[in-house]
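Structure first, then comments.
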Amino acid sequence: MKLFEALRVALDSLLANQMRSLLATLGIAIGIAAVSTLLSIGQSFQRFVQGQFAGLETDALTLVAQPDYERMTGVPPEQARLTAADIEAIRTLPNVRDVSPRLWGGGEVRAGANFAFGSITGVEPVYLRPTMRVALGRFISDQDVVARARVLVLDWPMAQQLFPDGRPLGREVVAQGLSFTVIGVLAPQQNDFFAGGGSALLPISVARDRLNPQAALGPVQVSEAVIYLEDPTRMAETQQAITQLLRARHKLIPEQGNDFSFQNLSQFVEANNNILLGITVFLGVIGSIALLVGGIGIMNIMLVSVAERTREIGLRKAVGARRRDILAQFLVESVTLSLIGGIGGVLLTIFLVNAGAIIIHRFFSQIGIGQHLSIDAQAVALALAFASLIGLVAGIYPAIRASRLSPIEALRTM
């Protein structure tokens, strides 16, 4: 039997039992929609989270003023230690392109009657990365650091809270009892979702000497430093060199652990990506269960069809139809039924994903995930291929059963 003839017979059979065919295709459509929608949501959320991590320096080392308790094997150090002189020494090491020291703090920032709680961080000009942009004004300069200028740069969320009128430049704010002049506002970042109350940036010299004067002569003058490398592939080698340098500068004996530690953000991002991938696969498996149930429904429909069309099968065999013709007829019918359901599932997926994106953008626009919610073409293609496979597998047993019917026995069936 030719393919087009088998397809015509299959469509005639499906149209002859419209309600039964509709229910079977509905099961497949729901299964396809479940797989495609859940995979699309998983992929969209993965893109959203990756966007939040886009500003992280995954090609750099992060040095933290905190003892390395995790890898400590000897006597614990007396206290954490990381000074401005340490940073200058690290800058001279091979493979070190630049170092961005930071002194963390936090608290209330007030502008008139408006106030916000967030981080208040001392930084140097190198803090401003290519992925960041100043929307208003300028960023902190080397002159500001040297002169200990009481100037301040706000990120976008904090600027909105403190100055709802949108005119922050040149105005005064008070942070931890000291007044500062706003000289700039950073453009919105993708990872502002994790920024909490926002952040204020000021010269690290002011943060150390004015906001946190005990740090000026203390062992922790820098909370952390992001170390940018010439060659990121030599990260382990550079980390070892920094460790040897700081242990010598801090006069640590061999039995003592490090009074500093490192954070490798690339490992953190990779771990999160693996977790998100696992969640996406899990969602796909959950959706596949619905698709499998739809396949069982198709097998049931095809078995009923074989039982109802026993005389037709016998008549076809009596007039010369071969066993493979009968087999092909029922396989084509099963796959056709599955593909019709698959197309319906794709249309249902388009509706669900687009409706979800509109709802999220309408009611949860501050999260920012709505722009990442989209249909994953690979997920749809995979679901359609799976639907075809389900239709083929579901139709094999009924088709084999139909092809094995004896013409004489079949014609006796009333």
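Each value in this text was obtained by applying a stated rule to the coordinates, not by laboratory testing. Because the structure is a prediction, the values reported are computed rather than measured. When we count neighbours, we look across all protein chains shown, and the Cβ atoms used for this are built from the backbone with ideal geometry, even at glycine.
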Could you work out how far apart the two model spin labels at ARG138 and ALA248 are, taking each label as a point 7 Å from the Cα in the direction of the beta carbon, and quote it in nm? 3.9
antiparallel share of DSSP beta bridges within the stretch 85-209, to nearest 5, in %, is 65
Along the Cα→Cβ direction, 7 angstrom out, place labels at ARG110 and ARG91. What is the inter-label distance in nm? 3.7
Among rounded, prolate and oblate, which fits the stretch 220-264 when a ≥ b ≥ c are the square roots of the eigenvalues of its C-alpha gyration tensor, a/c under 1.5 means rounded, and a/b larger than b/c means prolate? oblate
Let me check I have the definition right: for the stretch 124-229, take the eigenvalues of the Cα gyration tensor, multiply each by 5, take square roots. What are those semi-axes in whole Å, largest first? 22, 17, 13
Virtual spin-label span in nm between ALA241 and GLU255, 7 Å along Cα→Cβ: 3.2
